[in-house]
Amino acid sequence: MLAPPSSPAPTAEFTAPTVDDCKTDWLCHKVLDLTNNPNLALSSYVVIVKPVRILAIILVAFLIRWLLHRTIRRLTLTGSRAAVPALLKPLRERVKDTPDGQFVPERRRQRAEAIGSVLSSLVTAVVFGTAALLVISELGFDLAPLLTGAGILGVALGFGAQSLVKDLIAGLFMLLEDQYGVGDSVDLGDATGVVETVGLRVTTVRDARGVLWYVRNGEIVRVGNKSQGWAMVVIDLPIGFVSSEQAESVLREAAVALADDPQHATEFLEPPEVVGVEQLTVDGAVIRTIAKTTADGQAVVQRELRRRLVDALEESGLAQQIAASRLAPRSAVPPRAGAAPESDTRPGGAT
């Protein structure tokens with residue numbers, strides 16, 4: 001059985017200019033009326049009119065591109081300042097203007113420049129692509145077969161590169177929403193560490209062991225950013241069976257002293273607080289201390305606050321009491337009043 005003949009691939013067909021085309025142009029029509037010579041009129045149409053139209057298309061394309069790029073640059077400069085349109089603001093800054101919505105001008109500038117670069121590239125591709133099609137049309141080629149072939153090719157690439165398009169769109173929205181940036185400590189699920197590079201398709205993260213992870217933006221389902229806004233320091237300290245009120249007083253004084261220290265005062269957003277007994281265990285009570293800090297100062301404050309709390313317990317003498325309460329033997333069942341020791345009632349026991 002013979003296979004059906006395949007349809008030929010669409011190609012751009014060239015159409016030579018005719019006298020009818022010349023009649024639609026003012027200059028060519030004028031030359032034809034004056035000389036009554038179709039060849040001379042067509043020559044003027046091909047030599048003068050066509051190049052002038054092509055040159056005009058190119059100049060208009062450059063002008064439109066320059067105007068659009070200028071607009072994008074102005075938006076980029078505006079995006080790096082404090083007064084920013086709501087569209088370019090990070091989501092957390094659209095709600096309210098509080099210390100929680102602190103922003104870093106350098107970070108905002110980098111994000112605005114990245115978005116501006118993407119928009120500039122998109123504008124250049126669209127404007128010059130349209131200009132190229134108009135120039136091809138002026139040269140006498142039929143664009144219908146060419147556009148049909150381009151459409152078929154675009155559909156094929158769209159099906160074959162779905163993941164790539166997904167990555168690019170996710171990367172663009174990530175930049176618009178300012179989900180994370182270079183230097184942020186993030187948790188992307190499988191990869192946790194410090195962001196080293198941010199691209200439209202791939203984000204690279206360096207973990208604590210030095211491994212560099214390449215994460216596609218389209219595969220990121222959730223983002224935990226530990227470097228934006230503020231952070232919370234939570235320290236649970238076991239105190240055994242000593243007086244909880246005395247321990248809370250000692251810990252509170254140590255935490256307030258750290259917050260008043262000029263070296264760490266700028267890292268606290270709110271005064272630290274000893275919230276009290278968090279839980280009870282077989283080893284005694286556990287007291288929780290919390291402190292609201294800047295994102296960058298969380299690790300420093302956490303280490304220093306732990307040291308200050310431990311030193312305060314040691315200096316107050318509570319540390320020895322805590323250790324003694326843990327070492328003292330305690331019976332799981334309290335002895336009954338008037339009962340003889342177990343060794344006396346046990347047969348064959350020691351007397």
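The values are calculated or read from the model by the stated rules, or taken from the named source; none is laboratory data. Just so we're clear, the structure is a prediction, and the values are computed from it rather than from any experiment. Protein only, heavy atoms only, side chains kept; ligands, DNA and RNA dropped before computing areas. Shrake-Rupley method; radii C 1.70, N 1.55, O 1.52, S 1.80 Å.
A few remarks follow.
- Comparing Cα centroids, region 191-259 and region 267-326 end up 17 angstrom apart.
- Per-atom-type breakdown for region 258-321 gives carbon and sulfur 46% of the accessible area (1.4 Å probe, protein chains only).
- Per residue solvent-accessible surface (Å²) - region 124-270, probe of 1.4 Å: 56
- Heavy-atom accessible surface of region 142-246: percent carbon and sulfur, 1.4 Å: 61
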